[in-house]
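What follows is a set of notes on a single structure, which appears directly below.
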Amino acid sequence: MHDFGMMGMMGVMALAAVFFFWLVAVAAFVFWLWALIDLLRSEFTGSNKIVWLLTVILLPLLGAVLYWFIGREQKIGEEGGDTPPE
């Protein structure tokens, strides 16, 4: 006869893999969306805002990660950034 126990386990593993993929995809999208919103609400010197906007839009996940580590430090008037002149 056939052993359907192994087939059932493979189905559960496939379902878990699909669930994990979607979980990671949603988390990446939320991170990208946060970077985009934070970028649009912040002030930068010169054309830095446009450069970061293009980076985050054209290189979605990589751009968001780069913005997290580099771009947030270039903001004006917020923690970690330069303070505006008085």
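When ALA64 is tested against (1) touching a helix residue (DSSP H, G or I) at 6+ places or on another chain (Cβ under 7 Å); (2) at pLDDT below 95; (3) not in a loop (DSSP other than H, G, I, E, B), just one condition goes unmet, and that condition is (2). Within the range 45-58, the set of residues being without any contact (Cβ under 8 Å) to a residue 12 or more places away in the chain and surrounded by 13 or more Cβ atoms within 10 Å (Cβ to Cβ) comprises LYS49, VAL51.
The values are calculated or read from the model by the stated rules, or taken from the named source; none is laboratory data. No experiment lies behind these values; they were computed from the predicted model shown. Virtual Cβ from ideal backbone geometry, glycine too; neighbours counted across all protein chains shown.
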